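Everything on this sheet refers to the single structure shown next.
Rule-based calculations on the coordinates, nothing more; no lab input. Remember, it's a predicted structure, so these values are computed and weren't measured experimentally. Cβ atoms come from the backbone with ideal geometry, glycine included; neighbour counts cover every protein chain shown.
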Amino acid sequence: LSSRASTVLSALDIRADRELPGVYDGEWTGSGDVLESVCPTTGEVLARVKSATPAEVERAIQRSREAYKVIRSVPAPKRGEILRQIREALATKRDALGALVSLEMGKIRTEGEGEVQEFIDIADYGVGLSRMMNGRVVASERPGHSILEVPNPLGVVAVLSAFNFPVAVYGWNLALSLAAGNATLWKPAPSTPLCSIAVTKIVSEVLERNGVPGAVAGLVLGGKAVGEHVVGSSDVDMVSFTGSEAVGREVGKVVQGRFGKVLLELGGNNAAVVMPDADLNLAVSAVFFGAVGTAGQRCTTTRRLYLHSNVVEDFLARLEGLYQSVRPGDPLDRSTLLGPLHNRAAVQTYDTAIQHLKEIGAEIMTGGAPYRDLASPLNGGNFVMPTIAIPQEVNVKDKVWSTETFAPVLTVGVFDKLEQAIEWNNGVPQGLSSSLWTRDIRNVGKWIGPAGSDAGIVNVNVGTSGAEIGAAFGGNKSTGWGRESGGDAWKQYVRWSAATINFSDEAPLAQGVQFSN
Ligand code: UN1
């Protein structure tokens, strides 16, 4: 192992000299196919992990069910106390875990640490929630009756997460799910196994110390077959899936088909709209971060930029300057702004998108190719140039505008009226995030109102990416269904019991119905 990798792994006691167990259900096991963790920066194999066999997946699901029966009866504030300890344990490992995210996923240090910070933040939020997951008392029409709406634990919540946020997205789900009294079973992306093993170790040590079954936060690593097993199991009450629209559509159908609950966070195809009165200093750097940050691999990445005709020239000149100042580098190095794409397939996707842009006659203002001839060891990585492309027209039906390319490709269109920009913003299948730049309150009113942006995230003078955990996170249309993290998201992780209780000596029927002679 290279020294850059072994420093990161040893800080978390990850032994890379043998195959690691990829299943945790109270015990660490795993005897299925071997997954390789490959460093996106250098191509180095970081570790080999044994995935779950079908029997091991099944056992993990059953142990999750047993663990649910224990944790559901632990009072919510006590569950919150466990979450507080998880939060503390994560905080002591913040830097080490952040570095592992950079090593294995490829995002830069500050963003890797930011991800761990999101987990810490949502754990804090969950601690608070554990004393505030309140139901309601509803006025009954019958004398001496009360109606209670009670949030009860739901059961087993499976979390299927993507490579691009290998820590935070699980954190959002675990914090709410645990506070709500569920067992959570994690099926992470097979290409970031070390992040999920490291997180599960931290969490499981806290659970074990508290005498709670480890399967309250289980882990099953593996590929498609493991995912399908979990998604198809009627012992899994809710599936929270983050990933592509294509896979999400199938997951949605399968879970719906067995009447399970499903939460889908699928593609984003997020636009920033810049009005002539915008503060360009703020807008240019936000678009730069939104489009180039994480090398374009956030669901919330800015992919479309709609500029008012009065600001096009100035805005693009400044943005291009920032793009040209960026150099690819090792994401572990604190001065790096641009890390690699996560895998080789993504480089191919990037290439295909650029090819299509050229075919339709788009101007490639900057970028437009993978980096070649980088010095060793970066020559083994998946580095591509952040790209700004200006098609001749905005035709939101063309795939240039309507599909999510998970790479740093920003497509620019020019408008004269806000209404036009909103139509383009809304004219694509996805609806995750959106951002308007203006100082005119009238534009803000339009943008956030009924005729405004149809995305789940509707920002003003804030970029499309980098949401705080307190906001409900999620989208509309082909982005899927449901919200994670803040807002009222916790209400999806419980089963609501409507309990009408009669405290009287009479038994009147509702609506005044009489049923006796
Ligand atoms: C994702 O890309 O899957 O708002 C999640 C953001 C982050 C989370 C992104 N807080 O960009």
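Worth pointing out:
- Alpha-carbon centroid distance for the pair the range 449-517 / the range 282-360, whole angstrom: 36
- Take the chain and mark each of the trypsin sites (Lys or Arg not before Pro) that is in a DSSP loop with at most 14 other Cβ atoms within 10 Å; the longest unmarked stretch, sites excluded, is 132-257.
- Fewest-first sequence of Met275, Met105, Met132 by Cβ atoms within 10 Å of each Cβ: Met132, Met275, Met105
- Residue-span extension gain [Ser73 to Glu36] - 0.36 nm each, minus C-alpha spacing: 9.4 nm
- Where the alpha-carbon atoms of the range 418-517 are placed on the principal axes, they occupy 69, 27, 27 Å, in descending order.
- For the chain, the alpha carbon positions stretch 81, 60, 37 Å along the principal axes, listed from largest to smallest.
- Calculated FRET value between Leu1 and Asp279, using beta carbons and R₀ = 35 Å, to 0.05: 0.15
- Rounded Å value of the spacing that divides the Cα centres of the range 392-419 and the range 1-62: 40
- 5 angstrom amide H check on Ala472, placed H, neighbours 5+ away: Gly486, Gly487
- Compactness of the range 269-347 as Cα Rg over 2.2 N^0.38 Å, two decimals: 1.18
- Placing unit charges on the Cβ atoms only, positive for Lys and Arg and negative for Asp and Glu, gives the chain a dipole magnitude near 760 debye about its Cα centre.
- Amide H partners (placed H, <5 Å) of Leu20, local residues excluded: Arg48, Val49, Lys50
- Percentage relative contact order, the chain, counting C-alpha pairs under 8 Å, at least six apart: 17
- Between the C-alpha center of the range 423-446 and that of the range 214-250 there is a gap of 33 Å.
- Using Cβ point charges alone (K and R +1, D and E -1), the dipole size of the range 62-146 about the Cα centre works out to roughly 600 debye.
- A DSSP coil position with no more than 16 other Cβ atoms inside 10 Å describes the following chymotrypsin sites (Phe, Trp or Tyr not before Pro) in the range 253-348: Phe259.
- Residue-span extension gain [Arg131 to Gln348] - 0.36 nm each, minus C-alpha spacing: 73.3 nm
- Ranking Thr479, Ile469, Gln420 by Cα position along the charge dipole of the range 382-517, where only Lys, Arg, Asp and Glu carry charges on their C-beta atoms, puts Gln420 farthest toward the positive end.
- Only the Cβ atoms of Lys and Arg (+1) and of Asp and Glu (-1) were treated as charged; on that basis the dipole of the range 6-121 about its Cα centre amounts to roughly 540 debye.
- Sequence-separation-based contact order of the range 1-128, relative, with Cα cut under 8 Å and 6+ spacing, percent: 23
- With the charge dipole of the chain set up from +1 on Lys and Arg Cβ and -1 on Asp and Glu Cβ about the Cα centre, the Cα lying farthest toward the positive end among the listed residues Val116, Ala295, Ser196 is that of Ser196.
- Only Cα pairs under 8 Å and 6+ residues apart enter the sum, and on that basis the relative contact order of the range 194-322 stands at 18 percent.
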